[in-house]
Amino acid sequence: MSNTSGKPTIFVSSCDGYSGTATVNSLLALGPDRYASVKLGCENKDEAHDSLETAGAKNVSICEIHPEKLDDLKQVLDGVTTLALIPPTRSRKHQVAINMIQAAEQCGVQNAVLLSWTGTHVAEGGSGKHDSSKHEHLAAWQSLERAFLDSKIPNKAVVRANFYTQNLFTYARQLVRDGTLPLPTKQGAWAPLDAQTLGKALAQMLAAHPMQSTYRGQVLTLTGPEALTGQQMAELLGKALGKDAGQGKGAVTFKDISLNEARSLLASATPKLDKTEIETLVETYDLIAKGVMSHTSKDLEQILDLKHPSFLDTIKRDKDVILCLAGDSSA
């Protein structure tokens, strides 16, 4: 179906994941005057409904997709002008993304944004040095970026966002019950990105029609505004959680653990994490410990004109989420 409104017809893949949900909610918050229609792709509709704020939204539809089937993807992408390519949090994510790129090419999709996890260790100003044999999951994201940028989609941009503040919520039980933040990061510092802010950034890029020249063909790196060590984050977490930290102690302490201990903690996380997600996080932790992840990017503010909240403000805003994940019935 052709779109003659001059507004983008947008498809957001993996809307059942955290990144996709944040993007969709931010896109819908912009209002229907910014898009002709929005299609939300997921592999399981039941997983998508809980956190998506689609109630009452106009021209919005959720559709289950079979990403291994190219014809199925082509049917979903028919008439789409703008694609948010968010690889799923599953082991076959990169093949799914390649299939989506091929379908987008064949359907004549004009604009696409790829959400990548390569992150600040390859950003301009960072060290740019890492052993790909020890960080194979991160290296795979670089291969996906190349395939995307080499595609025949006319207008495209890559957004690198490697570590969310919300990743720390995996340790909600330790934060609330034990008053500890267990991470294998030693004295390394990094600038975690708020997932809601990422959602706002992607929504802004998707709603622009045509894609703006300031980021068309570019690779953007989005980080938080401040690089913090695990100890500094623990102190701020304690301040934000207050009396709820450490069963009333009102403080959180940083606990440096091994990479294998981190794997075990992540494997027992709720909701359950895919093995490839765990390994990618562990590889990221390893780079943090090596001191190569402290880069902070100005792309969010200078290119997209968005302000990122401080780490403390993000935790205060999401405090109830942490308490809920920790099993605190008062949240």
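Read the figures in this text as sums done on the coordinates, not as results from a lab. Note that this is a predicted model, so its numbers are computed, not measured. All Cβ positions, glycine included, derive from the backbone under ideal geometry; neighbour counts span all protein chains shown.
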Query - Sparsely packed trypsin sites (Lys or Arg not before Pro) within the stretch 254-331, loop by DSSP, other Cβ within 10 Å at most 12 - result: Lys272, Lys298, Lys307
Query - Loop GluC sites (Glu not before Pro), the stretch 55-114, which have at most 14 other Cβ atoms in a 10 Å radius of their Cβ (DSSP) - result: Glu68
Report summary line: Length-normalised contact order of the chain, Cα under 8 Å, at least 6 apart, in percent, tallies to 19 percent
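How charged is the neighbourhood of Leu77? Take every other residue with its Cβ under 13 Å from the Cβ of Leu77, and add Lys/Arg as +1 and Asp/Glu as -1.
Values: positive: Lys39, Lys69, Lys74; negative: Asp71, Asp72, Asp78, Glu105.
Its environment carries a net charge of -1.
For Leu30 and Gln142, compute 0.36 nm times the residue count separating them, minus their Cα-Cα distance, and round to one decimal in nm.
Numbers: separation 112, 0.36 × 112 = 40.32 nm, distance 3.12 nm.
Extending this stretch completely gives an extra 37.2 nm.
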Query raised in the report: Restricting to lysine pairs 8 or more places apart or on different chains, what number in the stretch 200-305 have Cα atoms under 21 Å apart?
Result: 5
Report task. Filter the GluC sites (Glu not before Pro) in the stretch 249-281 down to the DSSP loop ones having no more than 12 other Cβ atoms within 10 Å, then list what survives. Result -> none
Query - the chain, helix-only ellipticity at 222 nm - DSSP H runs n ≥ 4, -39,500 (n - 2.57), divided by all residues, nearest 500 - result: -11000 deg cm²/dmol
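Quick one: compute the contact order of the stretch 14-84, relative version, from alpha carbon pairs under 8 angstrom and 6+ residues apart, as a percent.
Values: 71 pairs, mean separation 21.9, N = 71.
For the stretch 14-84, the relative contact order is 31 percent.
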Report task. Compute the acute angle (0 to 90°) between the alpha-carbon long axis of helix 275-289 and the principal axis of greatest extent of the alpha-carbon atoms of the chain; round to the nearest 10°. Result -> 60 degrees
